[in-house]
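Heads up: the structure comes next, in structure tokens.
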Amino acid sequence: EERTPSPPLEVGEPREFVLQPAPQGRAVRCRLTRDKKGMDRGMYPSYFLHLDTEKKVFLLAGRKRKRSKTANYLISSDPTNLSRGGENFIGKLRANLLGNRFTVFDNGQNPQRGRRGTDVENLRQELAAVIYETNMLGFRGPRRMTIIIPGMSSDNERVPIRPRNSSDGLLVRWQNKTLESLIELHNKPPIWNKESGSYTLNFQGRVTQASVKNFQIVHADNSPLGRHWGIPSDTVMKGGMLETENHPESNLSVSWRE
């Protein structure tokens, strides 16, 4: 079903905008570009996120870190300074050894490296966790994706998740099925199309290239917050590939509706 387009977004300070929850009742459309040019960008590509409006607004940049045992991406609000020590360091995305579970952190203090007595407010927050699973068809079929994010307070503020040790965190709480104050999301299962001989999703024309990386995210029916607030299973995020002549690009749309 086609929705009425949202009015243009006003972005004041991009750094503050990306760290706040999406505006309620609005759709945020972005363009993600991957840059593999350069001596080592084939193995360590850079990514650039822009607000997809008439006036292209830069939001974030990311790059895979070198000398990391697992996939580890640094995220910055400065496209020219992708260093951990830079003042524009926003956070990072880190994977486990198998590459099927990911956690997004902000730029707070790692509790395992901080001094004893470190103020809890200075510890890093976990902003999201992503879990990939194969389905019954194995790698031949579409993957299942689960996303865990902090819930919202009555003041429309993100509930802070600041684990003090490895026995806590979004992934640990998901494994233990303790999802209070958390929101559980899943990818919408694609439908098998006999004519094309592939699994498909309807993106209303915003995606032009078939890819197993295309996705649509919906609320889990059994999410405690979903049941409490009566959140419907509408699509809250979409991501899909575009055919471009230069760099591979993806369209991203995020919406939070009443």
Out of all the residues in the range 212-242, which are modelled with pLDDT of 70 or more and either surrounded by fewer than 13 Cβ atoms within 10 Å (Cβ to Cβ) or among the hydrophobic types (A, V, I, L, M, F, W, C) (or both)?
Val212, Lys213, Phe215, Ile217, Val218, Ala220, Asp234, Val236, Met237, Met241, Leu242
Could you check Lys92 against (1) within 22 Å of Arg162 (Cβ to Cβ); (2) open to solvent by 50 Å² or more (accessible area, probe 1.4 Å); (3) assigned to a strand (DSSP E or B) and say which number it fails?
(2)
Could you give every pair whose Cβ atoms fall below 8 Å, whose first residue belongs to the range 128-149 and is modelled with pLDDT of 65 or more, and whose second residue is acidic (Asp, Glu), counting only separations of at least 6 or pairs across chains?
Arg143/Glu133; Arg144/Glu133; Met145/Glu133; Thr146/Glu133; Thr146/Glu184; Ile147/Glu184; Ile148/Glu184
Within the range 58-71, can you find the residues that are more than 18 Å from Asp35 (Cβ to Cβ) and open to solvent by less than 40 Å² (accessible area, probe 1.4 Å)?
Thr70
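The values are calculated or read from the model by the stated rules, or taken from the named source; none is laboratory data. Please read all numbers here as calculations on a predicted model, not as lab measurements. Every residue, glycine as well, gets a Cβ built from its backbone with ideal geometry; the counts of neighbours run over all protein chains shown. Just the protein is used for accessible areas: all its heavy atoms, side chains included, with ligands, DNA and RNA removed. Shrake-Rupley method; radii C 1.70, N 1.55, O 1.52, S 1.80 Å.
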